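J.: Can you keep this structure in mind? I'll have questions shortly.
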2 protein chains.
Amino acid sequence: MLITHTEENYLKAVYKLAGKEKKSVGTNAISKQMKTTAASVTDMIKRLSDKQLVNYERYRGVTLTNDGNRHATQLIRKHRLWEVFLVEKLNFRWEQVHDIAEQLEHIKSENLIHRLDAFLGSPRFDPHGDPIPNAEGKFMLRSQTPLSEMSEGSSSILLGVKEHDTPFLEYLNSLNIKLGTEIRILEKIKFDNSLKIVVDESSQSVISEKVSQNLFVRRK
Amino acid sequence: MLITHTEENYLKAVYKLAGKEKKSVGTNAISKQMKTTAASVTDMIKRLSDKQLVNYERYRGVTLTNDGNRHATQLIRKHRLWEVFLVEKLNFRWEQVHDIAEQLEHIKSENLIHRLDAFLGSPRFDPHGDPIPNAEGKFMLRSQTPLSEMSEGSSSILLGVKEHDTPFLEYLNSLNIKLGTEIRILEKIKFDNSLKIVVDESSQSVISEKVSQNLFVRRK
DNA sequence: TATAAAGTTTAGATTAATCTAAAAAAAATA
DNA sequence: TATTTTTTTTAGATTAATCTAAACTTTATA
Ligand SMILES: [Mn+2]
Ligand SMILES: [Mn+2]
Ligand SMILES: [Mn+2]
Ligand SMILES: [Mn+2]
């Protein structure tokens, strides 16, 4: 059964919004994510439901079927593998790859993705620290904590970022923060939960709570 | 100005059918190439004409404008670079890459193609021996002759193939013929112009005139 | 050169994907 | 519980890309 480019993007949106609790997703939430209108979403949901990719009842929101979930997971696999390719082989920086991967993830060829994976050495994480599901759709989980929950005086290593948008990643570049960087919390400012940090035991910065919530770390 | 996936495919079709003499191309020829109907072609041609990508006069056929020609050439550049990537880096065989490259050629990112070209070492020819235009759209020309025009007793080296469809390339594989292979003509059969050949001074075969017309060689 | 054949365009539909505006249902709240 | 607010759906259009059938032009040929 052929799934269009657009249908694939809706599946990804539902997957993302459902979270790991796989909760039911509403029309408005999808329309916001997809930058379309609620009316368009209702239309598309009916189509996905006809194709047995989502479970749908009027006014009740949608969940992915097993088929839909599998398809969404494979899209994420492709997206993240292409991001690794772009960074590792073509020397793109982590803030440049997402939009190109959004296009590449729709290329249809099982053989291609199988060979790409092998060429890259079956990476387990993408350039933003997100896990890459394997061919069967299984993710490698690892324990990570938002930096915002670490205590004053602690040192940790950056494992991943929550948001991947370019301005945020460029901001991290400007602070010399990248995957693997050590971050020590000098002081937590009580007033707004901003953090005074030391990056790789060299440069000192202050970051807002919002930034610290978007940095996933492990205790060093 | 945004050019759709479909519009790009029509531009490529016109480019191909016009040949290097850049002759005017008719509606039926395009519909055959694109596997659509003449009516669809007329419709699309009007759209391309509105976008100044083709010159069009009713009942008179179309030619590419400079813009259209530049765009078509860049598509061919992308297609052929991706084919090189698939063969050189992902170990695909030459008969497997065309359909995947048909998808990859539509990925939009100048930076991507620039880096891909560098990663591949700026190859001048693709896995089928077709020249890859440079970033300015210039092709490297080289003199090559169809094997069908070589004389009895001559030895030559395979530089390229005219058709790239999978069954033809698989047939060549079965004859141990690939780019760089030496082909010596033992005998030209007068009746149907089929050729008795020796491949790499080891295996002997008979190929039809049609096959020999699709093999481009240089005298050894 | 008149007629037939080939090639091309127009007319009118269809499908996917989108929109705005209005109606309907569910959820929140007074 | 009645009313208001929010969310979702339906109705009706629009645009890109496609089709079939019919009309029209150009080219070939008798
Ligand atoms: Mn991404
Ligand atoms: Mn990523
Ligand atoms: Mn090709
Ligand atoms: Mn090729």
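The values are calculated or read from the model by the stated rules, or taken from the named source; none is laboratory data. What you are looking at is a predicted structure, and each value in this text was computed from that prediction instead of being measured. Cβ atoms come from the backbone with ideal geometry, glycine included; neighbour counts cover every protein chain shown.
J.: Please list, ordered by residue number, the helices (runs of 4 or more DSSP H) wholly in the stretch B:1-53 having 3 or more residues that are outside the structural domain of residue B:163 (by TED's automatic domain parsing) and either among the β-branched types (Val, Ile, Thr) or within 16 Å of ligand 4 (Cβ to nearest atom) (or both).
T.: B:5-18, B:38-50
J.: Right, next: Which of (1) within 27 Å of residue B:102 (Cα to Cα); (2) over 13 Å from the mean Cα position of the chain (by Cα) is the odd one out, the single condition residue A:145 does not satisfy?
T.: For residue A:145, the failing item is (1).
J.: Shifting gears a bit: Taking the stretch A:124-136, which residues are within 15 Å of residue A:87 (Cβ to Cβ) and either surrounded by 16 or more Cβ atoms within 10 Å (Cβ to Cβ) or within 8 Å of another protein chain (Cβ to nearest Cβ) (or both)?
T.: A:125, A:126, A:127, A:128, A:129, A:130, A:132
J.: Could you please tell me which pairs satisfy a Cβ distance under 7 Å, a separation of 6+ or placement on different chains, a first residue in the stretch B:1-17 that is within 14 Å of chain A (Cβ to nearest Cβ) and farther than 23 Å from residue B:130 by Cβ, and a second residue that is away from ligand 4 (no atom under 16 Å from the Cβ) and outside any helix (DSSP H, G or I)?
T.: No pair meets every condition.
J.: Give me the residue from the stretch B:56-110 that is under 23 Å from residue A:88 (Cα atoms) and touching a strand residue (DSSP E or B) at 6+ places or on another chain (Cβ under 9 Å) and, out of that set, farthest from DNA strand C (Cβ to nearest atom).
T.: Checked the stretch B:56-110; the qualifying residue farthest from DNA strand C (Cβ to nearest atom) is B:84.
J.: Mind checking which pairs have a first residue in the stretch A:53-82 that is farther than 15 Å from residue A:23 by Cα and hydroxyl-bearing (Ser, Thr, Tyr) and a second that is at pLDDT 95 or above and buried (at least 16 other Cβ atoms within 10 Å of the Cβ), Cβ under 7 Å, 6 or more apart or different chains?
T.: From the stretch A:53-82, the pairs are A:73/A:133.
J.: Here's another thing I want to ask about it. Which one of these does residue A:106 not meet: (1) away from ligand 3 (no atom under 16 Å from the Cβ); (2) more than 24 Å from residue A:17 (Cβ to Cβ); (3) assigned to a loop (DSSP other than H, G, I, E, B); (4) in contact with a helix residue (DSSP H, G or I) (Cβ under 7 Å, 6 or more places away or on another chain)?
T.: (2)
J.: Looking at the stretch B:201-220, I want the residues that are assigned by TED's automatic domain parsing to the domain that holds residue B:171 and have a partner that is small (Gly, Ala, Ser) and assigned to a helix (DSSP H, G or I) with Cβ atoms under 7 Å, at least 6 apart or on another chain. Which pairs are those?
T.: B:209/B:148; B:212/B:148; B:213/B:148
J.: For the stretch B:90-126, enumerate the residues that are among the polar types (S, T, N, Q) and within 16 Å of DNA strand D (Cβ to nearest atom).
T.: Matches in the stretch B:90-126: B:103 only.
J.: So, one more: What are the residues in the stretch B:113-139 that are assigned to a loop (DSSP other than H, G, I, E, B) and within 29 Å of residue B:167 (Cβ to Cβ), if any?
T.: If the condition is that a residue be assigned to a loop (DSSP other than H, G, I, E, B) and within 29 Å of residue B:167 (Cβ to Cβ), then B:120, B:123, B:124, B:126, B:127, B:128, B:129, B:130, B:132, B:133, B:139 are the ones that fit.
J.: In the list B:157, B:185, which residue meets the criterion of being β-branched (Val, Ile, Thr), touching a helix residue (DSSP H, G or I) at 6+ places or on another chain (Cβ under 9 Å) and not in a helix (DSSP H, G or I)?
T.: From the options B:157, B:185, the qualifying one is B:185.
J.: Anything in the stretch B:195-220 that is crowded, with 18+ Cβ neighbours inside 10 Å and out of contact with any Gly (no Cβ under 6 Å at 6 or more places or on another chain)? List them, or say none.
T.: Correct list: B:195, B:197, B:199, B:207, B:211, B:212, B:214, B:215, B:217.
J.: Report, ordered by the first and then the second residue, all pairs with beta carbons closer than 6 Å, sequence separation of six or more or different chains, a first member in the stretch A:167-182 that is farther than 10 Å from residue A:215 by Cβ, and a second member that is crowded, with 17+ Cβ neighbours inside 10 Å and of a type in the set (Phe, Trp, Tyr).
T.: A:169/A:94
J.: Report, by residue number, each residue of the stretch A:96-118 that is more than 9 Å from chain B (Cβ to nearest Cβ) and surrounded by fewer than 18 Cβ atoms within 10 Å (Cβ to Cβ).
T.: Of everything in the stretch A:96-118, those that are more than 9 Å from chain B (Cβ to nearest Cβ) and surrounded by fewer than 18 Cβ atoms within 10 Å (Cβ to Cβ) turn out to be A:102, A:110, A:114.
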